[in-house]
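Reading through the structure tokens given below for one structure.
The values are calculated or read from the model by the stated rules, or taken from the named source; none is laboratory data. Treat the numbers as computed from the prediction; the structure is a model and nothing was measured. Neighbour counts are summed over all protein chains in view; Cβ atoms, including those assigned to glycine, are modelled from backbone coordinates with ideal geometry.
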Amino acid sequence: MLRDITIRGLGVIDEAVLDLAPGLNVVTGETGAGKTMVVTGLGLLLGGRADSDLVRTGADRTSVEGFADLGADHPALVRAAEAGADVTEGLILARNVAAQGRSRAYLGGRSVPISTLSEVGERLVAVHGQADQWRLRSAEEHRVVLDGFDPDVARLVEDFQRLYDEHHALVAEADRLRSAARERAREADGLRVALEEIEAVDPQPGEDEELRAEDDRLSHADALRDGASRAHVLLAGDDSAWDGASGGALASLGEAVSALEPWTGHDPALADLHRRLAELSYVASDLTTDVAGYLTDVEVDPARLSWVQERRAELTRLQRKYGETVDEVLAWAQDASRTLLTLEGDDARIEEIEARLAKLTPRLGAAGAALHDARSTAAERLGAAVTAELGRLSMPRARLVVGVTTQPHERGLELPSGDRVRYSRNGIDEVDIALAANAGAPPRTVTRAASGGELSRVMLAIEVVTHGGGSSTVPTFVFDEVDAGIGGKAGVEVGARLAELAREAQVIVVTHLAQVAAYADRHLVVRKADDGQVAASGVVEVAGDERVRELARMMSGDESDAAVEHAQQLLASARGRVGESPESA
């Protein structure tokens with residue numbers, strides 16, 4: 001609910017503070033005291049159009065500030081938090097309009113665009129006045145009103161939206177896959193060519209390094225053989241060896257071992273040298289055998305060398321395209337294979353989606369038709385209920401008609417009947433609340449068929465009929481001119497209906513009728529100072545005897561004993577009508 005509103009420099013208002021209560025808040029005052037400016041200020045606070053002419057003469061600006069106490073998950077609080085407002089201790093709204101015409105808006109201490117303030121305002125307060133019937137100006141709101149009237153309709157809306165979301169997601173995915181089909185085909189063809197090229201070469205892990213080593217060995221086979229042969233001669237000895245050597249290192253080592261062997265028992269140091277020479281002789285013998293084996297293995301094979309070099313050239317071509325090493329080429333091929341499977345699977349995915357849509361679309365059409373039928377039935381009941389309320393609000397000849405229609409469309413949703421109609425996430429229907437203001441008059445869109453005061457009463461009737469069922473999350477309703485052109489018994493009925501709505505929500509009403517004011521939970525009076533302006537204490541709460549005198553003034557223009565007695569009777573009647581005192585005093 002709104003806790004308080006502070007208005008400064010607006011029209012005839014110098015400064016006014018409205019402390020608001022739950023239930024029904026009534027604002028009254030003498031003509032010209034500034035009652036309408038209260039609603040105007042509230043409109044500014046909720047993001048309404050600003051005009052520098054509203055700034056009070058002599059003031060540099062108009063400012064309006066309000067504090068709202070809301071649940072943590074309330075849509076208005078959520079939207080304000082999204083805009084960066086500080087909402088930890090409630091929501092503070094503010095609006096400044098400079099005399100030069102510039103306007104600024106604030107939420108929770110943060111400057112925001114006027115449009116954001118308006119979005120929050122529409123979730124916070126529903127203003128019903130001659131120029132503020134946003135709920136009835138919006139065709140979408142007509143649908144919201146109807147859907148909230150009947151819980152069964154609300155349930156069917158949820159069912160349709162669930163199917164719609166699934167259907168919409170599948171259609172979007174299928175469209176995306178189809179639109180990318182040509183690009184996918186090109187990519188798949190490129191991957192197939194690449195994989196075929198790699199498969200034709202059939203590289204093996206680490207093959208590039210193995211072939212590089214073999215290429216190096218085969219390319220230097222003659223030099224390797226010559227070097228190994230010389231080393232073997234030097235170790236084993238050869239009469240035709242270089243430098244004329246007839247004995248090799250093995251013979252020399254054997255002679256050295258034999259030279260020391262007779263004397264090893266005479267000196268431990270010499271024995272150790274003998275042992276070491278013997279070990280060296282054994283190692284040299286093994287080494288000589290290994291060199292001989294190497295000479296046997298080393299072959300000069302031009303054919304094998306040519307094959308190795310050709311194979312390396314094939315691998316190099318792959319490495320230029322797909323990776324620096326053969327292992328990287330193989331890893332790329334694995335990734336490409338997985339990608340190709342995915343691309344080839346998209347066609348299968350499209351077929352799967354089409355099969356699902358073939359089953360889902362008829363269900364969506366049936367859900368849309370069921371929702372249409374339920375809305376049509378609810379529309380008749382809503383129209384009848386609101387029409388009955390209008391009869392009690394001094395509009396006995398008025399008739400409210402809630403129209404539920406569909407629009408044919410050749411590519412729309414197919415219904416069980418075979419018809420194709422436009423559809424959206426909210427169903428297949430267009431909802432229009434129309435009013436026949438007089439007997440025999442054709443129904444017209446309600447905002448065009450009713451005057452300002454009548455429009456407020458229409459909205460009052462709608463809110464009374466629908467709000468108890470939880471059709472609106474708006475916590476506060478404001479009615480201006482709801483009593484225009486009525487009085488007497490009709491005024492009493494308007495007050496009773498406002499009191500009934502106030503059991504479910506906070507209601508603020510600006511009125512000149514004592515019959516309406518008698519139902520207030522909090523009665524606020526706008527009082528004009530001697531100089532024609534409204535001072536800081538210009539808006540006061542009245543209770544007890546003071547309230548009775550205000551009701552007397554509203555009925556007869558004075559506070560005579562007869563007027564006071566009449567006011568007391570009116571107040572007692574209102575208390576009895578609602579079953580309890582409308583004021584806490």
Note: among Gly11, Gly43, just one is small (Gly, Ala, Ser), modelled with pLDDT under 85 and either under 34 Å from the mean Cα position of the chain (by Cα) or farther than 30 Å from Val494 by Cα (or both), namely Gly43
Considering each residue of the range 414-431, count those that are surrounded by fewer than 19 Cβ atoms within 10 Å (Cβ to Cβ) and either touching a Ser or Thr at 6+ places or on another chain (Cβ under 9 Å) or at pLDDT below 85 (or both), and give that number.
-> 4
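Could you tell me which residue of the range 8-18 is nearest to Arg527 (Cα to Cα), considering only residues that are in a strand (DSSP E or B) and in contact with a Leu (Cβ under 8 Å, 6 or more places away or on another chain)?
Quick first cut of the range 8-18, residues in a strand (DSSP E or B) only: 8-10, 13-18.
In the following step, the residues that additionally are in contact with a Leu (Cβ under 8 Å, 6 or more places away or on another chain) were identified as 10, 18.
Working: Leu10: 15, Leu18: 12 Å.
Among those residues, the one meeting the criterion is Leu18.
Look at Arg79 and say whether it is within 22 Å of the chain's Cα centre (by Cα) and surrounded by fewer than 16 Cβ atoms within 10 Å (Cβ to Cβ). Please lay out each step first, then the result.
Values: within 22 Å of the chain's Cα centre (by Cα): yes; surrounded by fewer than 16 Cβ atoms within 10 Å (Cβ to Cβ): no.
So Arg79 does not fit the description; no.
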Of all residues in the range 440-471 being within 12 Å of Phe149 (Cβ to Cβ) and surrounded by fewer than 19 Cβ atoms within 10 Å (Cβ to Cβ), which is modelled with the highest pLDDT?
-> Gly468
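Report yes if Ala223 is assigned to a helix (DSSP H, G or I) and either under 30 Å from Val329 (Cβ atoms) or at pLDDT 85 or above (or both), otherwise no.
Details: assigned to a helix (DSSP H, G or I): yes; either under 30 Å from Val329 (Cβ atoms) or at pLDDT 85 or above (or both): no.
So Ala223 does not fit the description; no.
Kindly indicate which of Ala85, Ala68, Ala126, Ala99 is free of Cβ contacts under 8 Å to residues at least 40 places away in the same chain, small (Gly, Ala, Ser) and in contact with a strand residue (DSSP E or B) (Cβ under 6 Å, 6 or more places away or on another chain).
Working: Ala68 fails: free of Cβ contacts under 8 Å to residues at least 40 places away in the same chain; Ala126 fails: free of Cβ contacts under 8 Å to residues at least 40 places away in the same chain; Ala99 fails: free of Cβ contacts under 8 Å to residues at least 40 places away in the same chain.
The match here is Ala85.
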Does the range 244-253 contain any residue that is more than 30 Å from Trp332 (Cβ to Cβ), at pLDDT below 80 and either in a helix (DSSP H, G or I) or of a type in the set (D, E, K, R) (or both)?
-> yes
Among residues of the range 113-152, those that are crowded, with 21+ Cβ neighbours inside 10 Å, of a type in the set (A, V, I, L, M, F, W, C) and at pLDDT 85 or above, counted | 5
The range 388-428, residues that are touching a Leu at 6+ places or on another chain (Cβ under 7 Å) and either in a loop (DSSP other than H, G, I, E, B) or touching a residue at least 60 places away in the same chain (Cβ under 8 Å) (or both) | Leu390, Leu393, Ala398, Leu400, Val402, Tyr423, Gly427, Ile428
Does the range 52-61 contain any residue that is within 18 Å of Val125 (Cβ to Cβ), touching a residue at least 24 places away in the same chain (Cβ under 8 Å) and either in contact with a Ser or Thr (Cβ under 9 Å, 6 or more places away or on another chain) or surrounded by fewer than 23 Cβ atoms within 10 Å (Cβ to Cβ) (or both)?
-> no
Is it fair to say Tyr322 is of a type in the set (Ser, Thr, Tyr), under 26 Å from Asp202 (Cβ atoms) and in contact (Cβ under 8 Å) with a residue 12 or more places away in the chain?
-> yes
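Could you please let me know if Gly383 is within 28 Å of Pro442 (Cα to Cα), surrounded by 16 or more Cβ atoms within 10 Å (Cβ to Cβ) and free of Cβ contacts under 8 Å to residues at least 24 places away in the same chain? Let's see the steps before the verdict.
On the way: within 28 Å of Pro442 (Cα to Cα): yes; surrounded by 16 or more Cβ atoms within 10 Å (Cβ to Cβ): yes; free of Cβ contacts under 8 Å to residues at least 24 places away in the same chain: yes.
Answer is yes for this residue.
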Arg553 meets each of (1) outside any helix (DSSP H, G or I); (2) of a type in the set (Lys, Arg); (3) at pLDDT 80 or above with one exception, condition (1)
Would you say Ser306 is within 30 Å of Leu253 (Cβ to Cβ) and among the polar types (S, T, N, Q)?
-> no
Could you check, for the range 325-333, whether at least one of its residues is surrounded by fewer than 11 Cβ atoms within 10 Å (Cβ to Cβ) and without any contact (Cβ under 8 Å) to a residue 12 or more places away in the chain?
-> no
Does the range 567-583 include one or more residues that are surrounded by fewer than 21 Cβ atoms within 10 Å (Cβ to Cβ), modelled with pLDDT under 85, among the hydroxyl-bearing types (Ser, Thr, Tyr) and closer than 22 Å to Ala496 by Cβ?
-> yes
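Looking only at the range 319-375, count every residue that is among the aromatic types (Phe, Trp, Tyr) and either at pLDDT 90 or above or under 30 Å from Asp419 (Cα atoms) (or both) and tell me the total. Write out each step before concluding.
Within the range 319-375, the subset among the aromatic types (Phe, Trp, Tyr) is 322, 332.
Next cut, either at pLDDT 90 or above or under 30 Å from Asp419 (Cα atoms) (or both) only: 332.
Of the residues in that region, 1 qualify.
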Among the residues of the range 527-550, how many are out of contact with any Leu (no Cβ under 8 Å at 6 or more places or on another chain), of a type in the set (A, V, I, L, M) and either at pLDDT 85 or above or surrounded by 17 or more Cβ atoms within 10 Å (Cβ to Cβ) (or both)?
-> 2
Out of (1) at positive phi; (2) modelled with pLDDT of 85 or more, the one Val510 does not meet is (1)
Report, by residue number, each residue of the range 49-105 that is in a helix (DSSP H, G or I) and either under 24 Å from Val474 (Cβ atoms) or out of contact with any Leu (no Cβ under 8 Å at 6 or more places or on another chain) (or both).
-> Ser52, Asp53, Pro75, Ala76, Leu77, Val78, Arg79, Ala80, Ala81, Glu82
Where His74 falls short, out of the listed (1) touching a strand residue (DSSP E or B) at 6+ places or on another chain (Cβ under 7 Å); (2) surrounded by 18 or more Cβ atoms within 10 Å (Cβ to Cβ); (3) more than 30 Å from Gly557 (Cβ to Cβ) | (1)
